Amino acid sequence: MYKYDQYDQAIVDARVAEFSDQVRRRLAGDITEDQFKPLRLMNGLYLQLHAYMLRVAIPYGTLDSRQMRMLAHIARKYDRDYGHFTTRQNIQYNWIKLEDAPAILADLASVEMHAIQTSGNCIRNISSDQYAGAAADEVADPRPWAELLRQWSTFHPEFSYLPRKFKIAVIASDEDRAAMKLHDIGIQLVTRDGKLGAAFYVGGGMGRTPMVAPLIKDFVPIEDYLSYSEACLRVYNRYGRRDNIYKARIKILIHELGAAEYARQVEEEFAHVKTLGIDPPAAELERISAFFAPPAFDAGAPDSVDRSDPDFAVWLDQNVKPHKQPGYAIVNISLKPVGGIPGDASSAQIDVMADLAERYSFDELRVTHAQNIVLPHVAKRDLYAMWQALVEADLAAPNLDLISDAQKIAQRFADLDRQRTLGELKLKISGCINACGHHHAGHIGILGVDRKGTENYQLLLGGSGAEDTSLGKITGPGFDEDGIVDAVERVTDKYLELREGEERFLDTYRRVGFDPFKEAIYG
Amino acid sequence: MKLLTGNDLATGAVTWWTGECWSLHVEDAVDVGEHGEAVLTAEEGARRVNAPYIIDAIATPDGPRPAHIKDRVRALGPTVRPDLTLKPADPDAGSWVI
Amino acid sequence: MAELRFRNDEALEQPAVTLDGFLQQSNATAVRLEPDEDARLLIPHLDRLALVEIAFPKFRDGRGYSSARILREAGYRGELRAAGDVLVDQIAYMRRCGFDSFLPDAPLDAEAVQASLTFYDHAYQRAADTAVPVWKLRHG
């Protein structure tokens, strides 16, 4: 875990003072809402349908039990006793009072947290692989590189009024667990001739115009990492479209320029930027990396697990993933119980997860882009005791990446055996065309739209946010609420009919194509 | 009929113009007729409301019913969390929205 | 005249000309750059420039921040003015990009400007000002 030094703390404390002053000026009437809006948005404070919403940054999704307990405390004291973990590895509070915002930020700063740049047309929270530091397939821990970007992007004076918001993800393995190519910049750490470098994919995204990011440069030497990022951003800041909010993301610039021309412009800018001394010395990376050293694993920890409890075994098979250290495992806690809202957790549940992390996972937790929580380093001998505690807290739903993560659909598919028969099936649902729910990247995606005052749902098939990134295709005319559940059922029935061997839904879809499913739905 | 709605500046709560002040309950809302814009400007200036706007509604025996589903959801509260709406004890409250 | 100026030299009285006008007119010493105009076209002429005014028709349009840095990075030392829809809470960022005078459409509250420039003692990244980035403070 990264720990703030005096400089990090001073900057976050200064932000609390600055934003408190801005809120005071607004409540006193010194500034209008038009003037205040960009200021509160720079700090993740939105005015939503029912109340103000505050988005708190969880850099690269990593936090410790002390921070997690503070998130529970804020839910209890200032909100309605729950928080919502997001696809960007952040947490949102949906019932915040403007007058409480300064106190909340002060509480967050006391545990090295903040809401800086969680909205606005700036560089947002840097996301990463939720299994970083625990997965066997990474070439390096990506989090020190994400932290370097966090510091570089914080209050970046040139890039705080970009054409549009800007999202960066950093991973370090070929398996993509962070939907890296669906970010404005996706960075994959790679090695070449024994040296570390970064592959830059630029111009991916979801929203109204989903695009998979093209590779802009296959190997940026690691000592040029920030200069190259700065060059990517400068070209975008200067030439990204500002005439139409729906065409302002970098994906549109790259689509219009072409990836090769964008890469050429970045290269030209980089040649200049590299002379400015923007990249910190290697000692800074060493300083940051030291915070992410592996915890003190027990080398003699037993590598076997007693599977005699059948319910435990089901959870084990679905939610627990292999760890690089023998005797340890990665535990996924599903925040998608049947009938619940994906990503929501009560303050009591947040406290339980904090306690479990402290007791069983070297005090570490991760938030995932699939809106679940990960305990990254759990000894296998503790798994059963931990599972029992999760059952007690209603946090043991064994449905990671199964179909049940939506209220009505979950009820239709509540039978777990039926879910397991269907296997890995990433269902992603967005409530509006802005695609917050990443419906383009779901094996099955659902988009809810408001049509003449009534709800209408579109169905998409064949998306993926993994290393085989693809975008879902709309099946055809939309459905009403019950109709969409029926349509999903017809798709899954068709899949079971067509499936060969151990194929996942996505594999079958890619093999047989779109038409058999369309036929099944609309007949 | 026309209603005036917005969110309270300090708390963010959904509010409805009653002719004198702001209420959390759409049942208290009055028809502002042609005066909406004037009230809106005055109230925004007085910092009692944030981002106010005028909506269409129909009068029913149970009170005004906003024409658009978005405002019916605002009037009740989140339909995905009935316990957090203004009518947590009424299991059928959500059907009013649809 | 700029409303807010962080320079000790005499302010220039000459009006700023457009970029096209400047490039055609050899004796002008002040130029006004629109957001979509390329600051790099001025680089061959920096030695005869005393004022570059960068236009901000809308506060959301951040292209001028890059224009300012490009000029400072090329060695421009004359007055660099932000003019237009410039808000109090943007001044600190603009100072870091190299602006040293401001001509906002709406008058700024001097106290609020002063406060906005004193909240932060440190900056994480190198920019066009003299602030020493935090990583340099850490490692010398």
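Note on the range A:405-449: among residues that are over 22 Å from A:SER470 (Cα atoms), modelled with pLDDT under 75 and of a type in the set (S, T, N, Q), the one that is surrounded by the fewest Cβ atoms within 10 Å (Cβ to Cβ) is A:GLN411. What are the residues in the range B:71-86 that are without any contact (Cβ under 8 Å) to a residue 60 or more places away in the chain, in a helix (DSSP H, G or I) and either within 7 Å of chain A (Cβ to nearest Cβ) or within 19 Å of A:GLY340 (Cα to Cα) (or both), if any? Across the range B:71-86, the qualifying residues are B:VAL73, B:PRO82, B:ASP83, B:LEU84.
Residues of the range A:227-267 that are more than 12 Å from chain C (Cβ to nearest Cβ), among the β-branched types (Val, Ile, Thr) and out of contact with any strand residue (DSSP E or B) (no Cβ under 7 Å at 6 or more places or on another chain): A:ILE252 alone. Considering the range A:1-112, the qualifying helices (runs of 4 or more DSSP H), each wholly inside and each with 1 or more residues that are among the basic types (Lys, Arg) and either within 14 Å of chain B (Cβ to nearest Cβ) or in contact with a helix residue (DSSP H, G or I) (Cβ under 6 Å, 6 or more places away or on another chain) (or both), run over A:6-27, A:33-41, A:65-78.
Which count do you get for residues in the range B:31-55 that are more than 21 Å from A:ALA51 (Cβ to Cβ), part of a loop (DSSP other than H, G, I, E, B) and touching a strand residue (DSSP E or B) at 6+ places or on another chain (Cβ under 7 Å)? The total comes to 3. Kindly indicate whether C:ALA83 is crowded, with 17+ Cβ neighbours inside 10 Å, more than 14 Å from every other protein chain (Cβ to nearest Cβ) and out of contact with any helix residue (DSSP H, G or I) (no Cβ under 6 Å at 6 or more places or on another chain). Against the criterion (crowded, with 17+ Cβ neighbours inside 10 Å, more than 14 Å from every other protein chain (Cβ to nearest Cβ) and out of contact with any helix residue (DSSP H, G or I) (no Cβ under 6 Å at 6 or more places or on another chain)), C:ALA83 qualifies. Apart from one condition, B:THR41 fits all of (1) among the polar types (S, T, N, Q); (2) under 17 Å from B:ASP8 (Cα atoms); (3) in contact (Cβ under 8 Å) with a residue 12 or more places away in the chain; the exception is (3). Does the range B:21-37 contain at least one residue that is within 10 Å of another protein chain (Cβ to nearest Cβ) and either of a type in the set (Asp, Glu) or at negative phi (or both)? No: zero hits. Of the set (1) surrounded by fewer than 16 Cβ atoms within 10 Å (Cβ to Cβ); (2) in a loop (DSSP other than H, G, I, E, B); (3) more than 9 Å from every other protein chain (Cβ to nearest Cβ), all apply to B:ILE58 but (2).
Residues are listed down the side, and each one gets a yes or a no for (1) among the aliphatic types (A, V, I, L, M); (2) in contact (Cβ under 8 Å) with a residue 12 or more places away in the chain; (3) in contact with a Lys or Arg (Cβ under 9 Å, 6 or more places away or on another chain); (4) within 30 Å of A:ALA169 (Cα to Cα):
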site: A:TYR457; (1), (2), (3), (4): no, yes, no, yes
site: A:LEU461; (1), (2), (3), (4): yes, yes, yes, yes
site: A:LYS473; (1), (2), (3), (4): no, yes, no, yes
site: A:PRO477; (1), (2), (3), (4): no, yes, no, no
site: A:VAL485; (1), (2), (3), (4): yes, yes, yes, no
site: A:VAL488; (1), (2), (3), (4): yes, yes, yes, no
site: A:ASP493; (1), (2), (3), (4): no, yes, no, no
site: A:GLU500; (1), (2), (3), (4): no, no, yes, no
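Assess whether C:ASP100 counts as being more than 19 Å from C:ALA50 (Cβ to Cβ) and either surrounded by fewer than 22 Cβ atoms within 10 Å (Cβ to Cβ) or among the polar types (S, T, N, Q) (or both). For C:ASP100, the condition - more than 19 Å from C:ALA50 (Cβ to Cβ) and either surrounded by fewer than 22 Cβ atoms within 10 Å (Cβ to Cβ) or among the polar types (S, T, N, Q) (or both) - is not met. Close Cβ contacts (under 8 Å, 6 or more residues apart or on different chains) running from residues in the range A:281-295 that are within 9 Å of chain C (Cβ to nearest Cβ) to residues that are buried (at least 18 other Cβ atoms within 10 Å of the Cβ) and modelled with pLDDT of 95 or more comprise A:PRO281/C:TRP135; A:GLU284/A:LEU148; A:GLU284/C:TRP135. Take the conditions (1) assigned to a loop (DSSP other than H, G, I, E, B); (2) free of Cβ contacts under 8 Å to residues at least 40 places away in the same chain; (3) surrounded by 22 or more Cβ atoms within 10 Å (Cβ to Cβ); A:GLY186 misses just one of them, which is (1). Of all residue pairs spaced 6 or more apart or on separate chains, those with beta-carbon atoms under 6 Å, a first member in the range A:161-176 that is within 14 Å of chain C (Cβ to nearest Cβ) and a second member that is assigned to a loop (DSSP other than H, G, I, E, B) and among the aliphatic types (A, V, I, L, M) are A:PRO163/A:ALA248; A:ARG164/A:ALA248. Counting residues in the range A:123-142 that are within 28 Å of A:ILE350 (Cα to Cα), hydroxyl-bearing (Ser, Thr, Tyr) and over 14 Å from the mean Cα position of the chain (by Cα) gives zero. Quick one: in the range A:268-280, of everything that is within 9 Å of chain C (Cβ to nearest Cβ) and part of a helix (DSSP H, G or I), which residue is nearest to A:TYR225 (Cα to Cα)? Taking the candidates together, the pick is A:VAL273.
The values are calculated or read from the model by the stated rules, or taken from the named source; none is laboratory data. As the structure is a prediction and not an experimental result, all values here were calculated from the model. Don't worry about glycine lacking a Cβ; one is built from the backbone with ideal geometry, like all the others, and counts go over all protein chains shown.
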